[in-house]
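Let me begin by presenting the structure, written as structure tokens, before commenting on it.
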Amino acid sequence: DRFSLKLFLKEEALSLILAIDTSSSMNWGNPNKFLLTQQLAMALGYIGLVNHNRVTLYGFDSNGIRPLTSLRGTRRTREMGNWLLQLEPTGRSAFSDAMRTIALARQGKGVMVVLSDFLFKEGYEKGLRYLSGGGYDTFCLQVLAPEEIDPAKHGLAGDLRLTDVEDDDSAEVTVSAPLLKRYKDNLNAYCGKLRDFAVRRGMMHLTIDTSMDLTTLLMDYFRKRGLLK
């Protein structure tokens, strides 16, 4: 015969979204950028499944978005692995359109990881704006090959014709020490601007060299930067 108040604590299932750049520029480098991206997506996705998170993966390029949605539990591991193995880099990035579609599909709270080289002619700004807010912690993993980070160490020299693997745009260059220095300065500035742009919107930016050991990435590098605990 007394009034009582019952309080309940409801644990909301967190989501993990992995957005994977499958444009042609990812299929390059030694070690290959796309291969490392597949390995990282598999490892992060498996961690999400083990922790009973709702895991969703998207492959995106100019040919559209390929989704694998709402995986729960380790029994879905093989399905996720087979899906990742079937992805093939092709076409251009179409980053902005893909991020808009993915952002509109988000529900609840969770973590979103974008795996890409972020080398988009159309820029990354519009796409990242779509991802800001919305209750998700967003991590931008910029995957670059050693040849992109420091081409001087990988025998790039002489008169060359460079061709864009995504749109066949080409340019003739004479590789010299001053040119390589200017390239490296431009790359560092580009990555720095990307990092600043992401941080101002509450996102984390990490640069990943494909020559880095996968175990070191998962057990040390990601832990120190808050992606894994």
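The values are calculated or read from the model by the stated rules, or taken from the named source; none is laboratory data. If you're wondering where the values come from, they're calculated on a predicted model, not measured in any experiment. Every residue, glycine as well, gets a Cβ built from its backbone with ideal geometry; the counts of neighbours run over all protein chains shown. Accessible surface areas use protein heavy atoms only, side chains included; no ligands, DNA or RNA. Shrake-Rupley method; radii C 1.70, N 1.55, O 1.52, S 1.80 Å.
Couple of notes before you dig in:
- Here the condition is being within 21 Å of K109 (Cα to Cα), out of contact with any Leu (no Cβ under 6 Å at 6 or more places or on another chain) and not charged (D, E, K, R); of M212, M219, M204, it holds for M204 alone.
- For first residues located in region 171-194 and closer than 14 Å to A152 by Cβ, partners that are open to solvent by less than 80 Å² (accessible area, probe 1.4 Å) and assigned to a helix (DSSP H, G or I) and lie 6+ apart or on another chain with Cβ distances below 6 Å form the pairs L180/A152.
- Any hit, region 164-172, residues being open to solvent by 50 Å² or more (accessible area, probe 1.4 Å), β-branched (V, I, T) and assigned to a loop (DSSP other than H, G, I, E, B): yes
- Close pairs (6 angstrom Cβ cut-off, 6 or more residues apart or separate chains): closer than 22 Å to D164 by Cβ in region 109-123, modelled with pLDDT under 95 and assigned to a loop (DSSP other than H, G, I, E, B) anywhere: F120/S93
- Number of positions in region 145-160 that are surrounded by fewer than 19 Cβ atoms within 10 Å (Cβ to Cβ) and touching a residue at least 12 places away in the same chain (Cβ under 8 Å): 11
One line per residue, one yes/no per condition, for (1) in a loop (DSSP other than H, G, I, E, B); (2) touching a helix residue (DSSP H, G or I) at 6+ places or on another chain (Cβ under 6 Å); (3) farther than 16 Å from C140 by Cα:
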{"position": "N82", "(1), (2), (3)": "no, no, yes"}
{"position": "L85", "(1), (2), (3)": "no, no, yes"}
{"position": "P89", "(1), (2), (3)": "yes, yes, yes"}
{"position": "A98", "(1), (2), (3)": "no, no, no"}
{"position": "Q107", "(1), (2), (3)": "yes, no, yes"}
{"position": "F120", "(1), (2), (3)": "yes, yes, no"}
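- Yes/no for L180 being in a helix (DSSP H, G or I), surrounded by 16 or more Cβ atoms within 10 Å (Cβ to Cβ) and aliphatic (A, V, I, L, M): yes
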